[in-house]
Every structure is written in structure tokens, then in C-alpha cells.
Amino acid sequence: MHNFSLPYTDSYDALIRAASERILILDGAMGTMIQTLNMTEEDFTGHGHIHGPGCRHHYHSEHPQKGNNDLLVLTQPKAVEDIQYEFAMVGADILETNTFSSTTIAQADYGLEAAVFDLNLAGAQVARRAADRATAEDGKPRWVAGAVGPTNRTASISPDVNDPGYRAVSFDDLRIAYGEQIDGLIAGGSDLILIETIFDTLNAKAAIFAAFESFAKVGRRLPIMISGTITDASGRTLSGQTPTAFWHSVRHARPFTVGLNCALGADAMRPHLAELSGVAEARISAYPNAGLPNAFGEYDETPEDTSSRVEEFAKEGLVNVVGGCCGTTPGHIQAIAERVASYPPRKVSEKTNG
């Protein structure tokens, strides 16, 4: 099923070298930064003309698009690129594409299912431009991680309390949707595939399956980053797995990293990260929110607060890649990069292959 004999893309060797030398830095929250731009509906839709460089079509939808942040890679690519460039220049080694919701399943809410390949193609191209721009300035290599979100459906849990056997989406539905997304991310020049904010491991397994199908099409393999989310103090994912169980469910993919992101701030994430670090044969990633949201849905943790907590992960030898999720700005990422710079990366098992 998973062809591990495929060669890696050209950027892989430099990535592995860098990861063996230091803790790598992932960027921060795109959504937080986009909100500061106070964009209008017209900004999102490009004044009714949804298209971009390399687009095969002009797209039109009757749905309002404000809040469809992924669409900005087509209609406001420079704004997205500038945010990613800013993250790169404060220390990010890995830039995520702005494609968290760029599947047919998630874009159905906006009536833009037909635009999915172009969203991912453009999303990777925009991040690549930001990475190359930063590298041209300071000589440091940067890598683009094609961001694959969980979708708004779960394959393991019924959304209908009166019908526990019902599923709103099947494994094959997810596999096909993720496949179209990942094809676009590869075509746009991604160096890695980041399957993130996983609340249902069955969804993640569909994404992993789709990724290897996409790799087979192009005859090259990209390293995969896998990041779950612990939803509450129980220390489990929404579909009920502990960090240990989560690892054993995805280890067959031989990921470059496995880790946790989102839902919890760094304080609450720490014990779950330590558990994962204790069992996983892969490198460990962690990119927490800037604390928990307040009553207005905003994040109050300062760069000093968040970075001091992430530094503890590094000090304890738990991590190989760190960054920020919801609420984290370039200020947060700069502070994290500075605080972890003096710590070596977590040692990984000889069995690691990713």
C-alpha cells in the first residue's frame, strides 16, 4: 500500500541535516494575521473574479466568501505571501501553506469545490515564493509544508445522537478529497505534507493513504508531518485515543514528525507531549495555541509567556520541531526561535524513517 522505495524529493537531505543539528521552527497562525488586515467580502472574492496566476478557470459562487481564508491565495496572494515572509524572517524554517480547508469537503460550505486543485497549487506556490524570498535575503534554507486540515467531518463518530451508526463521511470520501488536495500541494512545490489538527485518527489515516497514492503518481515521496489535537483535559483526541494509541495508529506511515498542535496552550499540552515523546520513534513536533481563547475568542498569551513554556519542551528534550498555532504572531515565533536556539533536538530512534 505505502511504497517506501520511492525516492524523496531533492529538498529532503538538507531538511534531515538541519533537523539533526537543531530544533526546527514552524511558523505561526495565518488566521490570526489575516484578521488584522480587516478584509471585506470584496477583498476575499477579488471583486467577484475568483482567479489567480496559473488558475485553470475563473470561479464563481453564490455563497459569501468572507472568512474563507484559503481563498486569499487566489485573490490576495501578496497579502498571504507577506505574512509567510514575515514569519520566515523572524526564524521560521518551515512555512505552512494557507490551505487548511482546501478540500472539496470543507470548501462545500463556500460553494467552491471546483476550485480545490487551484487553491492548493496556488497555496504552495505562494508559500514557496515567501520561502525563496526570505532565503535570498539571509541565505537560510526554508521548507514549505503543504497543510492538510481535518475537514469538518469525522469518519469515526456519528453527528446524529439519535443514530450512532450514521457517518457523515466515508473513508473513501476522505481519501478522494485529500488526494485532490495533496496532488495540488505537490504540483505547487511543497517540500513536506503536514496532516494537522487531527481530531479523528481515521480521517488522518485516509489522508496518509491519499498522500502515498499522490506520491506514486509523481514517482517521488515527500516527508510527512502528522499532528494530532487533544481536545480536553482527558488527554484524548475527539475520537478517543490517547497520545500512545494515536502514535501506534499512524506509525506505519514512517512520518518525519509526529506531534500535537492547537486546542491546548503549551502548559496543558506538556504531559501529552511527554507521553508521545516517550513512545514515538519519529521526531516530535509541538505548536500550541497562545493559551486558551478568552470570552471574545481572542488569545491573550504574550510572546514571552508562550515562548517560556515552549522552552520547557526543549529543555526537557521532548521536541524536534516547534512553532505556534491559533493566536501566535511573528512576535511569538521570534521569541520561540530565540529561546530554543541553545537546546539540542530530541534524539530519535534508529528506527526513524521519514
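Just add up the charged neighbours of residue 8: K/R +1, D/E -1, any other residue whose Cβ is under 12 Å from the Cβ of residue 8.
0
Restricting to region 214-354, compute how many DSSP beta bridges are antiparallel as a %, nearest 5.
Counting only bridges with both partners in region 214-354, antiparallel ones make up about 5 percent.
Mind listing P(r) for region 54-143? All alpha-carbon pairs, 10 Å bins, whole percents.
For region 54-143, the pair-distance distribution reads 18, 46, 25, 10, 1.
Viscosity 1.306 mPa s, temperature 10 °C: what is the translational diffusion coefficient of region 131-172 from Stokes-Einstein with a Kirkwood Rh over Cα pairs, rounded to a whole number of µm²/s?
After rounding, the answer is 114 µm²/s.
Grab the chain and count how many Lys pairs have their alpha-carbon atoms under 24 Å apart, sequence gap of 8 or more, or different chains.
Summing the qualifying lysine pairs gives 7.
Take the Cα coordinates of region 169-309, assign each an equal point scatterer, and use the Debye formula without solvent to give log10 I(q)/I(0) at q = 0.12, 0.18, 0.19, 0.22 Å⁻¹.
Rounded to two decimals, the profile gives -0.51, -1.02, -1.09, -1.27.
For residue 338 and residue 233, FRET efficiency with R0 = 35 Å and r from the beta-carbon atoms, rounded to 0.05?
It comes to 0.70.
What does the C-alpha gyration tensor say about the overall shape of the chain? Classify as rounded when a/c is under 1.5, otherwise prolate if a/b is larger than b/c, or oblate.
rounded
Hand me the chymotrypsin sites (Phe, Trp or Tyr not before Pro) from region 124-220 located in a DSSP loop with no more than 15 other Cβ atoms within 10 Å, in residue order please.
Qualifying residues, ordered by number: 166.
Report for the chain the percent antiparallel among DSSP-assigned beta bridges with both residues inside it, nearest 5.
5
Shape verdict for region 230-325, please, from the Cα gyration tensor: rounded (a/c under 1.5), prolate (a/b greater than b/c) or oblate.
Oblate shape, in that a/c is at least 1.5 and b/c is the bigger or equal ratio.
Please work out the Cα convex hull volume for region 16-173 and give it in Å³ per residue.
Hull volume normalised by residue count: 152 Å³.
Hey, if you drop one equal point scatterer on each alpha-carbon of region 137-245 and run the Debye formula without solvent, what base-10 log of I(q)/I(0) do you get at q = 0.12, 0.23 Å⁻¹?
Normalising to I(0) and taking log10 leaves -0.46, -1.21.
For region 288-354, what log10 I(q)/I(0) values come out of the Debye formula at q = 0.13, 0.23 1/Å, with one point per alpha carbon and no solvent?
Result of the Debye calculation: -0.40, -0.91.
Coordinate-derived values only; no laboratory data. In this text the structure is predicted, and so the values were computed from the model without any measurement. Here Cβ is always computed from backbone atoms with ideal geometry, including for glycine, and neighbour counts include all displayed protein chains.
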